[in-house]
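A short reminder: the numbers here are calculations on the coordinates, not readings from a lab. All values reported here derive from a predicted model rather than from experimental measurement. Glycine gets a Cβ as well: all are built from the backbone with ideal geometry, and neighbour counts include every protein chain shown.
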Amino acid sequence: MAYIKANERRDYVYYNVVESVWEDGVSRQNQLLYLGRLDNITPQERREFEVDLAEIDPSLLSDFYEYLVEHNYDFDADTDYQSQYPLEEIVPKKAVDYGPVAALHATAEKLGIDAVLQNQLQPKGGGPPLGKLLLVQIIAHCLEPRSIDATTDWYPLTALPGLLDLPDERLTTDTLYNSLDYIDEDGIERVHEELWTRVHELYDTPEDPVFYDLTSSYFEGTACPLSNYGYSSEHRPDKQQLVMGVAVNPDMVPFHHDIYTGNTNHSTTVDDAAERIDELGIGDSVLVMDKGCATKSKRERLRGEDPDADFPPIDWSCRKAV
C-alpha cells in the first residue's frame, strides 16, 4: 500500500511516497520515492515524477495533481506539455464512472483493506483474490447498494477493473457469492482489530469520547435468519428487521459494529460495545449514547458496580433524541 505523505519542516512541506508494510502486528513505512518540495517544481521535474509515480501505482497521480493545485502550479504555462499532448488528438475510447469509485478505492488502498480481508479471512483455493472481491462489494454498497447479480453488471462500467487490476470477465456472480462463504465471526473480529489499528496509526484519531448508537433496517422478505419484528425506527412495524449498533470516535471513524435480531432491546447491546472498547485498549473513555440505552442496570455495570461485568469501569453520558 503506497501513498504520498506530507512532512512539514522549517515552514516548508516536503513530500515522499511511502509504503505501509504490516510486519509482526506493527505497521512500518518504507520510502519509495522522494518528491521534495512541490511549491517550486519545474515542468520537467513534474513529468519525471509522473513517470515514477505511474510505475509505483497509477492511482498516486491524482493525489500528486491535487498537491500541485494546492501549491498553485500553473498547468497552463506548461506549453511544452500541451504541445506534446494536444487535446484535439486525444480520442476517448471508453467512459467509466471514476470520481467516487476512485475516492473510495484510494481510501481502501491507504488502509490496505483488501490485504487485511485477504489475510484475516484465510481463503482457500484459486480464483480472484478474496480481498479484491469483497472490496468490490464494499465500494458498490457505499455508492449504489444493489444485488450481487446487479453488481457484476455495474463493475465493468466503473474504473475498478483497472484500479484493482481485476478484469471484469473474472468477476462473476459465482465468484462474488463464493467470496461470502469465507466471512465468519472470528474472521471479522480480526479484520476489525487490524483496521482500527491502521486507522489509528495513519490518521492519529482521538479515542475519547466514544459515541454509540443503534438503528434498524427492515426487509420486504422473511428469509433472513436474523430478521424479526420489533420497534422500528423507520416506522415500519409491519416488516421484519435487523438492529445495528455502531460505535465511532470523535472523527466519526467506526471501530465497532454488531448486527442483532430485529426484536433486540437496545439497552442489551451496551455490554458488547463496552467489551469491544476494552478489547481495543481504549482506556479512560467516555461512552456517549441515547438515554434509552443507559438503563439503571447498564449504568451500574458501566460504573463497575456489577461484579459480573466483563469490562473495567467506563464513564458514560446520555443524550436525548432530538
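Compactness of region 99-182 was expressed as the Cα radius of gyration divided by 2.2 N^0.38 Å, which yields 0.99. By the count of neighbouring beta-carbon atoms within 10 Å, fewest first, H235, H200, H105, H257 end up ordered H235, H257, H200, H105. Here the Kirkwood formula, the inverse mean of 1/r across different C-alpha pairs, assigns region 144-220 a hydrodynamic radius of 16.1 Å.
Taking every pair of alpha-carbon atoms in region 206-319, give the share separated by more than 20 Å as a whole percent. Of all Cα-Cα pairs in region 206-319, 42 percent lie more than 20 Å apart.
Taking a quarter of the surface of the Cα convex hull of region 2-89 gives a mean projected area of 7.0 nm². Here the spin labels are modelled as points 7 Å beyond Cα on the Cα-Cβ line, and at N265 and R303 they lie 2.0 nm apart. Across region 1-49, Cα-Cα pairs farther apart than 15 Å form 53% of the total. Counting only Cα atoms, the size of region 200-267 along its three principal axes is 43, 20, 17 Å, in decreasing order.
What's log10 of I(q)/I(0) for the chain at q = 0.07, 0.12, 0.13, 0.14 Å⁻¹, Debye sum over Cα points only, no solvent? For the chain at q = 0.07, 0.12, 0.13, 0.14 Å⁻¹, log10 I(q)/I(0) is -0.39, -1.03, -1.15, -1.26.
Measuring between their Cα centroids, region 1-34 and region 140-171 lie 30 Å from each other. Multiplying the residue separation of D165 and V286 by 0.36 nm and removing their Cα-Cα distance gives an extension gain of 39.3 nm.
With a cut-off of 11 Å between beta carbons, the residues surrounding D251 carry a summed charge of -2, where Lys and Arg count +1 and Asp and Glu -1.
Could you name the lysines whose alpha carbon sits less than 22 Å from that of K110, not counting residues in the same chain fewer than 8 places away? Leaving aside lysines fewer than 8 places away in the same chain, those within reach of K110 are K5, K132.
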